[in-house]
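What follows is calculated from the coordinates using simple rules that are stated; it is not laboratory data. Not measured: the values here are computed from a predicted model. Virtual Cβ from ideal backbone geometry, glycine too; neighbours counted across all protein chains shown.
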Amino acid sequence: MGKKGPEIVTQDLHKGYKGEALSVLQEHGIRVWSDAEIRTDVTVFRGIILPRAENTDDKHLVLKLNNGYNIGITVSDITEMKEIGFKKAHYKIPEKEFPFDPSKPNVRLLGTGGTIASRLDYRTGAVIPAFSPGELYGSVPELADIANIATEKLFAVFSENMGSEQYITLAKKAAKYIDEGVDGIVIGHGTDTMHHTAGILSFMLQNLPVPVVIVGSQRSSDRPSSDAALNLLNATYAAGHGDIAEVVVSMFGPTSDLYGLLHRGTRVRKMHSSYRSTFRTLGDIPLGMVNWREGITHLRKDYNRRDPSRKVKLDAVFDDRVSIVYYYPTMKPDIIDSLVDNGYRGIVIAGTGLGHVNKPLYPAIKRAVDSGVNVFMTVQTLWGYVQMYVYDTGRDLMALGVVPLENMLPEVAFVKLGWVLGHTNNREKVIEMMLTPINSDITEREPYNGYLIFQGGVPEVQKFLKEFWR
Ligand code: ASP
């Protein structure tokens, strides 16, 4: 039964387990990498006991089920447990040299981190990046059918750790490779703040000659339902062969793997915490659908077309003394006061409805504006325009100096304000730059088919209704 795996060294026997969880393992004579059967009052689990990371709790065992999913089992629920076998796994991605084909476009893949660049290292329980061209080719060989890929790992962070320094480095690197003549850039990125990065790059990289495509995955590549490979293939296609020379996000479109959607960088937002089809274009319709085997179906005609003779305009500045204040009823003025007192220079309010906050905030907002802080209004509804002439509240706020930002998304307004304040602190100039549309961050109208409809395919909705909704 392979009870004594020869590679096992003593300290690895219960790697990462402590307290209650360690006692249960020791009591039952079970080690990490055991193929174990675990009984609880309600069910029986069978799978491999995985090592745990050092800083995790002592109340759970982690088991890799045969279907590839990892689950945590609460130690106190376990009634019986036995070792059936032993399977030490080595999850090294085989490296193969990425082939070069002169007839294919050259794409540069810049890595920032996130799930797409991750796989679980089962030895340590940590998530580590797999990134070299060889590793990419080893894990997604179809990439070589699309383009020649060279990679550069800029950072290895989960996307909540992206910030001004990373935005600036990323924009400069992309501009450098574009100037050197690549046919497209792909940026691997965590999905959580992908829309912030898509927004800021839309301001930092203007007049693009080639596509800059941001991609990620909701589920890491060691999971059976991972979207990593498909998203990467679609994004590489859009970067190497696509005609849309803009900053776009390329991610899973519908709930199936039929196609990816190409979203404009200033109009995209992560909208679901776990679905693979999490990115949606807001206030507009997506630019297109992409399927790397079939090509791109354009949904709009008004985009910046690929033109290698164009010169990218790099404008990489960012002042991070900006904040988004997501208004909630009962909010007290001290929230605004503390930002002013701490030296913030810009505040984007995500207001209720058409752009409102409560009356007790008025004096604090006035104080902010009088002390030179730039205060702008966006809407929490995400769809629709700020309309501050409709109710008294809106008029009052404008009289205090709050400037409405039309249909700019709150996170886009936030990164744009950081970018604008990197140029100037002059109030008139700040307002003028904020209100001058760049890459559709403000649009004249929302299309009738934008809101919730053209976002994953009408036919699918109809099919769903016909088949499942009787
Ligand atoms: N937490 C991860 C990140 O944003 C999630 C992901 O990559 O999908 O970096």
Under 5 Å, built H, 5+ apart or other chain: amide partners of Ser118: Ala130, Ser221
Positive minus negative residues near Leu405 (Lys, Arg vs Asp, Glu; Cβ under 11 Å): -1
Principal axis dimensions, the chain - Cα atoms, whole angstrom, descending: 77, 59, 52
Summed side-chain charge close to Gly199 - residues other than Gly199 whose Cβ falls under 13 Å, Lys, Arg +1, Asp, Glu -1: +2
Sorted by Cβ neighbour density within 10 Å, fewest at the top, the residues Thr266, Thr40: Thr40, Thr266
Filtered chymotrypsin sites (Phe, Trp or Tyr not before Pro), the stretch 174-249: DSSP coil and at most 11 other beta carbons within 10 Å: none
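Could the peptides 105-114, 303-312, 183-192 be put in order, highest first, of the mean number of other beta-carbon atoms found within 10 Å of their residues?
Result, highest mean first: 183-192, 105-114, 303-312.
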Neighbour count of at most 12 Cβ within 10 Å plus DSSP loop: longest GluC sites (Glu not before Pro)-free window in the chain: 295-443
Phi-based couplings in Hz for the stretch 162-169 (Karplus 6.51, -1.76, 1.60; Gly and Pro marked x): 6, x, 3, 4, 5, 4, 5, 4
For Asn374, residues with placed amide H under 5 Å, excluding near neighbours: Gly346, Ile347
Hz values of 3J(HN,Hα) by residue in the stretch 256-261 - Karplus curve (6.51, -1.76, 1.60), Gly and Pro given as x: 9, 9, 4, 6, x, 10
